[in-house]
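Below is one structure, written out as structure tokens; comments come after it.
No lab work stands behind these numbers, since they all come straight from the coordinates. Predicted, not measured: the structure shown is a model, and the values here were computed from it. Here the Cβ is made from the backbone with ideal geometry for all residues, glycine too, and neighbour counts use every protein chain on show.
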Amino acid sequence: MNWHAIRAIYRFEMARTFRTITQSIASPVLSTSLYFVVFGAAIGSRMGDVDGVSYGAFIIPGLIMLALLNESISNASFGIYMPKWAGTIFELLSAPVSYVEIVIGYVGAAATKSVMLGVLILITARVFVPYEIAHPFWMLCFLLLTAVTFSLFGFIIGLWADDFQKLQVIPLMIVTPLTFLGGAFYSVNMLPPFWQKLTLFNPVVYLISAFRWSFYGLADVNVVVSVTAILGFLALCLSAVWWIFRTGWKLKQ
């Protein structure tokens, strides 16, 4: 394993984040804070509890997951797309660096940024809403697992995209709507039976359900099923990355 190469890619990506800290960190935290102000303080104070948890506290896992998914995808996709766009990716591919080391460097940096953002949002939420974390260890595990999985997904999007517009298509048109419809602001059990069953086809439901369980011990879906779904998507992303580097799809054009 070429740890020097991994460290070089990782440090380069992290340095880019700190050069654009307003866009990379401050902007998502501020946007999420507005959700806490509007839904947590203003609207939440006029709503009852959800399964014994105040509404303001109930939406915290969903809001963190919303920011985590978007930032994981955006960081990883932009990180690998820029070398493609600038043409410097051929230098990377011709260097004595395996695709495993490339993926670890880029995905590791993107996941680190996302985890940092998730922790900052969690700290910021304390300013607006009181909450407790019932299973802090599992909360961190789900945070890391989700960040790594969707950073891999973003890495694939960055390889697939031919222009800057395509980088935003999947996060804006698919991931964000699925997150809003995946129980970020409500419990799936509040829906009519038909819509409860239909919602289970939304993969984001399993992410939010498992993450909310780590906070309050509440889950719309069995935690084991949620973890299995997350690991299944991770395996799918790993298989896709392996196939891309094996065939050179979108890399050798």
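Using Cα-Cα distances under 8 Å and only pairs 6 or more residues apart, what relative contact order does region 3-247 have, in percent?
Across region 3-247, relative contact order equals 26 percent.
Using the Cβ atoms and a cut-off under 14 Å, what net charge is assigned to the surroundings of ILE104, where Lys and Arg are +1 and Asp and Glu are -1? Taking every Cβ under 14 Å from that of ILE104, the sum is 0. Fewest-first ordering of SER187, SER94, SER151 by other beta carbons within 10 Å of each residue's beta carbon gives SER94, SER187, SER151. With neighbour counts taken as other beta-carbon atoms within 10 Å, the residues LYS113, LYS197, LYS84 rank, fewest first, as LYS197, LYS84, LYS113.
Using just its DSSP H runs of length 4 or more, each adding -39500 (n - 2.57), the chain gives a mean residue ellipticity at 222 nm of -22500 deg cm²/dmol after division by all residues.
Between the helical axis of 136-160 and the longest alpha-carbon principal axis of the chain there is an angle of about 50 degrees. Net charge of the neighbourhood of ARG19, taken over other residues with C-beta under 14 Å away and scored Lys/Arg +1, Asp/Glu -1, is +2.
Put in line by how crowded their Cβ is, counting other Cβ atoms within 10 Å and starting with the fewest, ASP220, ASP163, ASP49 read ASP163, ASP49, ASP220.
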